[in-house]
Amino acid sequence: MAMAGLYRRVLPSPPAIDFASTEGKKLFIDAIQAGTMEGFYKLISYFQTQSEPAYCGLASVSMVLNALAIDPRRKWKGPWRWFDESMLDCCEPLEKVKAEGISFGKVVCLAQCAGAEVEAFRTSQTTVDHFRQFVKRCSISDNYHVVSSYHRGSFKQTGTGHFSPIGGYHVGSDMVLILDVARFKYPPHWVPLTLLWEAMDTVDETTGQRRGFMLISRPQREPGLLYTLSCKHESWVGVAKYLMDDVSHLLKSEDVKDMDSVLSILCTSLPSDFGKFIQWFAEVRMERDGGIGISEEEKGRLAIKEELLKQVQDTGLFKHIVHFLSSTSCSRREPVFGGNENLHEIAASVCCQGLEILSGRSGTSNCSCCRETCLKCVNGSTDKPLTVLSATIVNGKSEEKVDMLVPQSMMKLCCGAPDPNNCIRTQPVGSNILTALLLALPPETWSGIKDKKLLEEVQSLVLTGNLPAMLQEEVLHLRRQLYLLKKCQENKESTMHPACTTSVC
């Protein structure tokens, strides 16, 4: 009886060699003996099948992140922190990825946003010998992994653009093992490295850009705990250009005399979509998983964020920004930074998104809405109460309570107050965000200030070396993201680009 749909594909061989075939097994054993399969063991331990036809990029990144033991710092399901495709939405909406695939640049963005170090190359800016060096480097270590973006047609396979990790290398035959994440279609297989290069050295008709590969590794520094930059919304290009190029030009062209005038220039010309560009990390959990209390681990994470926020608010720059934003003449600017947002509106939005991720529905068209939010104060490890914002989320006929854990220093809370609007922020969220972002700007940003005394003051306020170690890490994380986005904007091939290879299996 004929059945609808497709059940796997026959792997065209040659040019590929099935990993499980007699010849494939021999290549595998030879490579193990030669010591060029060291990266294989971690990758195969976390090998996964892409859950959607267009999720090859997401599955490849998720697999590599788990193989590198990078902590996502947020829950997947139940109490477990684990990378899943549904969590990789910081650079592109999952609904869009599901429908259209994802670009090479956005895959790089996802890996970097998730906390990995990424070096990305397109074939137009490197050579096959350079690529071979990277493959060899990864084959003798499990600290780095290569993800390749290639065209299936070069292997006589059906489909077009595709992402998959490289699991090993056979020196004698110069072949690589592709751990194809579309396992419903093709099994893992060996292909000649030069043929894989040809498959990467193809032009995506949609973008006009060549494909390539990326080297993903654990970061030398810890990723940010409070803030991250997002290229999920297309407006990021203008915001990145403003921060990395326009600010320095504005300071050169204007005759600024004090810090208020510096901040005035920055706020007056700030792009309207700035709030979508820099976002703060929020920790959410289903109430049925976390119960009514806060675990010791959750208390520990909140304590670290609390200390980091305190370090931000102890800087001289923060005090200048608070004074500036609280002045009558500039109060109209505050909504740009989120300072006048209603806390419960934020909680409703965050908890809705959190529920979609935790329930595996992120990127679907199903709509959830928040029926109500309420504040709960629970005892922490000190005398200070810890804050939990609880939201009741309605999805169809079902309801789910979702909690958002909130660092205390972000707001002043009147626990037990009958009116939720009695919960008032001690400082605008925007003051924290703007402080962190200005500290993260390249040091040369301020060099155009003509007043020498003011220049010295500004340089002293933003000097990274003057900051506590934890805040230094946060600032340097944001600065690395800014440099990455600047190179992207300048269309430098050695890093991510917003219009690289769109891949749909």
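Some notes on this structure:
- Condition met for ARG74 (without any contact (Cβ under 8 Å) to a residue 12 or more places away in the chain and under 19 Å from the mean Cα position of the chain (by Cα)): no
- Taking the criterion of being crowded, with 18+ Cβ neighbours inside 10 Å, outside any strand (DSSP E or B) and in contact (Cβ under 8 Å) with a residue 40 or more places away in the chain, the residues of the range 163-186 that qualify are LEU179, VAL181, ALA182, LYS185, TYR186.
- Residue that is farthest from THR127 (Cα to Cα), among those in the range 197-206 that are crowded, with 18+ Cβ neighbours inside 10 Å and touching a residue at least 60 places away in the same chain (Cβ under 8 Å): ASP204
- Residues located in the range 246-277, provided they are out of contact with any Gly (no Cβ under 6 Å at 6 or more places or on another chain), open to solvent by less than 40 Å² (accessible area, probe 1.4 Å), in contact (Cβ under 8 Å) with a residue 40 or more places away in the chain and not in a loop (DSSP other than H, G, I, E, B): VAL247, MET259, VAL262, LEU263, LEU266, CYS267, PHE274, PHE277
- Total residues in the range 2-20, condition modelled with pLDDT of 90 or more and in a loop (DSSP other than H, G, I, E, B): 9
- Any pair with Cβ under 7 angstrom, 6 or more apart, that starts in the range 122-142 at a residue that is over 16 Å from GLU198 (Cβ atoms) and ends at one that is of a type in the set (Lys, Arg) and part of a helix (DSSP H, G or I): ASP142/LYS42
- Number of residues in the range 34-65 that are in a helix (DSSP H, G or I), of a type in the set (S, T, N, Q) and under 17 Å from SER141 (Cβ atoms) equals 1.
- Criterion: buried (at least 21 other Cβ atoms within 10 Å of the Cβ), charged (D, E, K, R) and in contact (Cβ under 8 Å) with a residue 12 or more places away in the chain - qualifying residue of GLU474, GLU444: GLU474
- Test: VAL128 is of a type in the set (Val, Ile, Thr) and surrounded by 19 or more Cβ atoms within 10 Å (Cβ to Cβ): no
- Looking only at residues in the range 60-77 that are among the aliphatic types (A, V, I, L, M) and within 21 Å of VAL97 (Cβ to Cβ), the one that is surrounded by the fewest Cβ atoms within 10 Å (Cβ to Cβ) is ILE70.
- Within the range 289-324, tally of residues that are closer than 14 Å to PRO79 by Cβ, among the aliphatic types (A, V, I, L, M) and at pLDDT 75 or above: 0
- Count of the range 50-75 residues which are at pLDDT 95 or above, more than 24 Å from HIS170 (Cβ to Cβ) and β-branched (Val, Ile, Thr): 1
- Matching residues, the range 179-192, being among the aliphatic types (A, V, I, L, M) and farther than 15 Å from GLY24 by Cα: VAL181, ALA182
- Residues considered: CYS113, CYS138. Of these, the only one that is surrounded by 24 or more Cβ atoms within 10 Å (Cβ to Cβ) and in contact with an Asp or Glu (Cβ under 9 Å, 6 or more places away or on another chain) is CYS138.
The values are calculated or read from the model by the stated rules, or taken from the named source; none is laboratory data. Remember, predicted model here, so these are calculated numbers, not experimental data. Neighbour counts run over all protein chains shown; Cβ positions are idealised from the backbone, glycine included. With ligands, DNA and RNA removed, areas are computed over all heavy atoms of the protein, side chains included. Shrake-Rupley method; radii C 1.70, N 1.55, O 1.52, S 1.80 Å.
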